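K.L.:
Let me give you the structure first, and then I'll get to my questions.
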Amino acid sequence: MKRIYMLTMLCGLGITISPMVLTAQGTGFTFDAGAGFTAPVQHLDSRTNFGYNIMGRAGYNFTPRFGLLGEFSYDELGLTPSYLATAGTPGGDIHTYSVTLQPMVHLKTGGRWGFYLTGGGGYYRRTFELT
């Protein structure tokens, strides 16, 4: 359990270098949102159906070099009829949601490409419900 906790902390607080998604042309507010479908992974494909996800992000560049980004994400997968029959329930699903806060330091702010460092942490919750 301690190993899983440490791995989660390293992933959540790790520093990532990635191509710039938010423009750092100056200060200002930015946001984006999205939605899509969620496919079950290898070990859950016999227990879960396809589901959906939604996410939203909002941030503010305080200076051309520093910004702060908040993100909310929600995922839902339904359970297969065979799994529900095994559990003896008529319905159920799995939800995962997260709320994160990520400071950003922009390394290169001019030109066609830019880069930034980001880290942060958040709250993650997974629920499994049978009805």
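K.L.:
Pulled fully out, how much extra length does the chain show between Leu117 and Ala35, if you take 0.36 nm times their separation in residues and subtract their Cα-Cα distance?
P.N.:
27.0 nm
K.L.:
Let me ask something else about it. Find the accessible area per residue for segment 41-106; the probe is 1.4 Å, ligands and nucleic acids are left out, and the unit is Å².
P.N.:
The answer is 56 Å² per residue.
K.L.:
At 1.4 Å probe size, with the rest of the protein present, what percent of the exposed accessible area of segment 48-90 is carbon and sulfur atoms?
P.N.:
66 percent
K.L.:
Here's a follow-up. If we count every other residue with Cβ under 12 angstrom of Arg57's Cβ, Lys/Arg +1 and Asp/Glu -1, where does the sum land?
P.N.:
-2
K.L.:
Still on this structure, please answer the following. For Glu71, what charge total do you get from the other residues with a beta carbon under 14 Å from its beta carbon, if Lys and Arg give +1 and Asp and Glu give -1?
P.N.:
-1
K.L.:
Using alpha carbon centroids, what distance separates segment 46-61 and segment 66-92, in Å?
P.N.:
10 Å
K.L.:
Taking the Cα centre of segment 36-131 as origin, sum charge times position over the Cβ atoms of Lys and Arg (+1) and Asp and Glu (-1), and report the length of that vector in debye to the nearest 20.
P.N.:
Using Cβ point charges on Lys, Arg, Asp and Glu, segment 36-131 gives about 540 debye.
K.L.:
With Cβ to Cβ distances under 13 Å as the rule, what net charge do the other residues near Tyr116 carry (K, R +1; D, E -1)?
P.N.:
+2
The values are calculated or read from the model by the stated rules, or taken from the named source; none is laboratory data. Nothing here was measured: the structure is a model prediction, and the numbers come from that model. In this analysis, Cβ positions are derived from the backbone assuming ideal geometry, glycine residues included, and neighbour counts consider all displayed protein chains. Ligands, DNA and RNA are excluded from the accessible area calculation, which covers all protein heavy atoms including side chains. Shrake-Rupley method; radii C 1.70, N 1.55, O 1.52, S 1.80 Å.
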